[in-house]
Amino acid sequence: MYAADPTTKYRGALAMGVPGELAGLHATWTRYGRLPWRDLVAPAIRLARDGYEVVAYVARALRESEDAVLADPGLRAVFAPAGKVLAAGETCRNPALAATLERVAEEGAAALYGGAVGEDLVRDVRAAGGILTVDDLRGYEGEVSEAMRADAMGYTFLGMPPPSSGTV
């Protein structure tokens, strides 16, 4: 898979894994949460919609990666909306992420693992040369499995099952 271009191991659509964080967060909330799910997602929606001030070290990283940011339509839309990477003090907004998070707030993890958000993700990843499938995402539906649980030193650790090293 990486023979033609070894850099695809760490750059581009082939470098990504199946996203599992949302499944873990939602499963934990299902078990232990007290607040409504929507209330937990609301601050992230506000940040994406209303934006945040770009701080100096982020501006520096954007300048150092300017060519890559400008070459990628998704990154360009967020970090260079006027055709130039954002500078310190400017506001970074991500309305597409806000819309996605709105769906997640309404539908829970099912929005990604079997819903329209997941279908959109698969379409975008495959268009960028990745191999993610809807079936890959469906593997994270449901309860936290025992393969994701480890008890040590009086604590219970929850993480992703193999081939991830999350629980390890």
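Worth a mention:
- Between segment 6-26 and segment 41-109, the alpha-carbon center distance in angstrom: 19
- Take every pair of alpha-carbon atoms less than 8 Å apart whose residues are at least six positions apart; their mean separation over the length of the chain yields a relative contact order of 24 percent.
- Within segment 18-32, backbone nitrogen closer than 17 Å to the virtual label 7 Å beyond the Cα of Arg149 toward Cβ: 24-32
- Asp39 versus Glu106: modelled label distance in nm, points set 7 Å from Cα along the beta carbon direction: 2.1
- Nonlocal amide H pairs with Phe157, under 5 Å, H built at 1.01 Å: Ala150, Asp151, Ala152
- Across the chain the C-alpha pair distances fall into 10 Å bins from zero in the proportions 9, 28, 34, 24, 4, 0 percent.
- Relative contact order (%) - criterion: Cα under 8 Å, at least six apart; region: segment 27-99: 41
- Full extension of the chain segment joining Met1 with Ala127 gains 43.7 nm, where the gain is 0.36 nm per residue of separation less the Cα-Cα distance.
- Counting 0.36 nm for each residue step from Tyr10 to Ala71 and taking away their Cα separation leaves a gain of 20.3 nm.
- Accessible surface of the chain, 1.4 Å probe: 57 percent of it comes from carbon and sulfur atoms.
- In degrees, nearest ten, helix 21-32 long axis to first principal axis of the chain (Cα): 40
- Angstrom value of the Kirkwood radius, inverse mean 1/r, which spans all Cα pairs in segment 40-100: 11.8
The values are calculated or read from the model by the stated rules, or taken from the named source; none is laboratory data. Predicted, not measured: the structure shown is a model, and the values here were computed from it. Every residue, glycine as well, gets a Cβ built from its backbone with ideal geometry; the counts of neighbours run over all protein chains shown. Accessible surface areas use protein heavy atoms only, side chains included; no ligands, DNA or RNA. Shrake-Rupley method; radii C 1.70, N 1.55, O 1.52, S 1.80 Å.
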